[in-house]
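Working notes for the structure below.
The values are calculated or read from the model by the stated rules, or taken from the named source; none is laboratory data. Please read all numbers here as calculations on a predicted model, not as lab measurements. Neighbour counts are summed over all protein chains in view; Cβ atoms, including those assigned to glycine, are modelled from backbone coordinates with ideal geometry. These accessible areas exclude ligands, DNA and RNA; they are computed on the full protein's heavy atoms, side chains included. Shrake-Rupley method; radii C 1.70, N 1.55, O 1.52, S 1.80 Å.
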Amino acid sequence: MDFEGEGDRTFNQEEVRQIVEESVNSSLANAIYTHSKVTTWQATIVENTLKRLAALNKPFKYVVTCMISQNTGGATHTAHTCFWDAETDGFTKFRFENQTMVCLTTVYGMGI
Amino acid sequence: MSDGKTYAIQPQFHKKFKPMQVKEIIQKCLDEKLTDKKYHVDKASKFTRELADTIKQELKDLNWDRYKYVVQVVIGEQRGEGVKMGSRCFWDEETDNQAFATFSNDSLFATAVAYGVYLY
């Protein structure tokens, strides 16, 4: 298989985290949790992130998840487990929090 | 992943990721683990990890070749808060898929998602 940048077969955590952070901040900076807007925010964050990841043109498949919840002081626990090739695949997460809501975005990248 | 290059670009039909089957598996794992359980800060952390591992193991037991799996589990205290979870994926629609299930009772809510990605 010949891809440009054949050396980039490992998932680049820093670069992806940067992309996610920018997507989330552009949608949610200074926002207050509003039930009617949550669907739009979540869709925007995920689609923007995915578009920019696809534009990187790397030999990866991506899964982007975004969870937005109201900040009522209640706790949430998240766990994940992956069965993949540790040399090429990886994930990043970005947590955004303000007075009214918490947003956790994760990106999993799997090498082809 | 020890099986090198087989040049198989698609899974065989009977070994393809089947969302409905996986959804049932996830629902069963959630129900078995969490029915009649109350939310407790120390135990919740343990439950999420154990659930994720159980679901992953069940997926591996299905013996679908060349599939990579990602399983994500969220457990939260039930306070009537609004939670929205969503995902988008950049993959090959013919070979890759996802399944999810949710569970809730008076003191907690839980969601589990499993993604299956085929390795060419």
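Just to be sure before I move on: is residue B:110 outside any strand (DSSP E or B), of a type in the set (A, V, I, L, M), over 10 Å from the mean Cα position of the chain (by Cα) and at negative phi in the structure I sent? Considered against the rule, which asks whether it is outside any strand (DSSP E or B), of a type in the set (A, V, I, L, M), over 10 Å from the mean Cα position of the chain (by Cα) and at negative phi, residue B:110 comes out as no.
Only one entry of A:34, A:44, A:40, A:10 meets the criterion of being open to solvent by 70 Å² or more (accessible area, probe 1.4 Å) and farther than 30 Å from residue B:50 by Cα, and that entry is A:40. Residue A:99 satisfies every condition listed in (1) at pLDDT below 90; (2) within 8 Å of another protein chain (Cβ to nearest Cβ); (3) open to solvent by 50 Å² or more (accessible area, probe 1.4 Å) except (2). Residues in the range A:14-56 that are free of Cβ contacts under 8 Å to residues at least 24 places away in the same chain, more than 8 Å from chain B (Cβ to nearest Cβ) and hydroxyl-bearing (Ser, Thr, Tyr): A:26, A:27, A:34, A:36, A:40, A:44. The set of residues from the range B:52-95 being touching a residue at least 24 places away in the same chain (Cβ under 8 Å), open to solvent by less than 20 Å² (accessible area, probe 1.4 Å) and at the interface with chain A (Cβ under 7 Å from one of its Cβ atoms) comprises B:52, B:68, B:69, B:70, B:71, B:72, B:73, B:74, B:75, B:76. Determine whether the range A:61-74 contains at least one residue that is in a loop (DSSP other than H, G, I, E, B) and within 7 Å of chain B (Cβ to nearest Cβ). Yes, that holds for at least one residue. Residues that are surrounded by 13 or more Cβ atoms within 10 Å (Cβ to Cβ), without any contact (Cβ under 8 Å) to a residue 24 or more places away in the chain and within 9 Å of another protein chain (Cβ to nearest Cβ) within the range B:13-45 comprise just one, B:45. Check whether at least one residue in the range A:33-56 is under 16 Å from residue B:81 (Cβ atoms) and not in a helix (DSSP H, G or I), and report yes or no. Scanning the range A:33-56, I find at least one residue that is under 16 Å from residue B:81 (Cβ atoms) and not in a helix (DSSP H, G or I), so the answer is yes.
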